[in-house]
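To start, the structure under review is shown below, and the notes come after it.
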Amino acid sequence: MPGRPELTSGTARVVTVSTSAAAGWAADRSGPVLVDGLRALGLHTPDPVVVADGDAVGRALRACLREDVDVVLLTGGTGLTADDTTPEQVLPLLGTLVPGIPEALRADGVRRGVATAVLSRGIAGVAGRTLVVTLPGSTGACRDALEVLGPLLPHVLRMLAGTTAHPHGRGEA
């Protein structure tokens, strides 16, 4: 991605949450967008895992966390319908919430003229040393999210690895 800091190493996983795609009734369109974007940023990212809404989301995230990856992006299941339970599946697995990320994603959507961006119930946080972010299931939202996340990821990954010094003396005891 032009103008974005590129990562020299790191691993990522993408989980697409879609009952219809998991059943083979529809194609996964948003997962490949995220995979391509993460690869362009320099993260080793295999093809997306596609799961149905519900408990399969939590199982898939646990599997990703056992792999000790740096970033997990989940796409889908953040809306308002009864089967949109991705945030509820992810939240119990997060040790630390990072509310600024989904706030920035929603604000970016509104700035782009997508009024419905405020309806996303996306969350972000850290599980162990892994950044986990839930995103809407649309390809446009995923492309836009990569533009927001791209500049953040190098610093976030250094922070989670414990290799970031605080600039200007901040954080020193």
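Here is a yes/no grid of residues against (1) at pLDDT 95 or above; (2) closer than 13 Å to Val15 by Cα; (3) buried (at least 20 other Cβ atoms within 10 Å of the Cβ):
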site: Arg66; (1), (2), (3): yes, no, no
site: Val71; (1), (2), (3): yes, yes, yes
site: Thr75; (1), (2), (3): yes, yes, yes
site: Ala141; (1), (2), (3): yes, no, yes
site: Glu147; (1), (2), (3): yes, no, no
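Being within 10 Å of Pro102 (Cα to Cα) and assigned to a loop (DSSP other than H, G, I, E, B) is the filter; apply it to the range 114-133 and report the residue that is most open to solvent (accessible area, probe 1.4 Å). So the residue we want is Arg121.
Does Asp68 count as out of contact with any Phe, Trp or Tyr (no Cβ under 9 Å at 6 or more places or on another chain), on the phi < 0 side of the Ramachandran plot and charged (D, E, K, R)? For Asp68, the condition - out of contact with any Phe, Trp or Tyr (no Cβ under 9 Å at 6 or more places or on another chain), on the phi < 0 side of the Ramachandran plot and charged (D, E, K, R) - is not met. Taking residues in the range 131-143 that are more than 16 Å from Ala60 (Cβ to Cβ), and partners anywhere that are open to solvent by 40 Å² or more (accessible area, probe 1.4 Å) and of a type in the set (S, T, N, Q), not one pair has Cβ atoms closer than 8 Å while being at least 6 places apart or on different chains.
Out of all the residues in the range 50-69, is one or more under 22 Å from Asp144 (Cα atoms) and free of Cβ contacts under 8 Å to residues at least 40 places away in the same chain?
Checked against the condition, which is being under 22 Å from Asp144 (Cα atoms) and free of Cβ contacts under 8 Å to residues at least 40 places away in the same chain, the range 50-69 yields at least one hit.
Contact map, the range 103-127: residues that are of a type in the set (Ser, Thr, Tyr) paired with residues that are buried (at least 17 other Cβ atoms within 10 Å of the Cβ), Cβ distance under 7 Å, separation 6+ or inter-chain. Pairs shown: Ser120/Thr78; Ser120/Arg106; Ser120/Pro136.
Note on the range 40-57: residues that are in a helix (DSSP H, G or I) and under 14 Å from the mean Cα position of the chain (by Cα) total 1.
The values are calculated or read from the model by the stated rules, or taken from the named source; none is laboratory data. The shown structure was predicted, so the numbers you read here are calculated from the model rather than taken from an experiment. Note that each Cβ is placed from the backbone with ideal geometry, even for glycine, and that neighbours are counted across all protein chains shown. Surface accessibility is based on the protein's heavy atoms, side chains included, excluding ligands, DNA and RNA. Shrake-Rupley method; radii C 1.70, N 1.55, O 1.52, S 1.80 Å.
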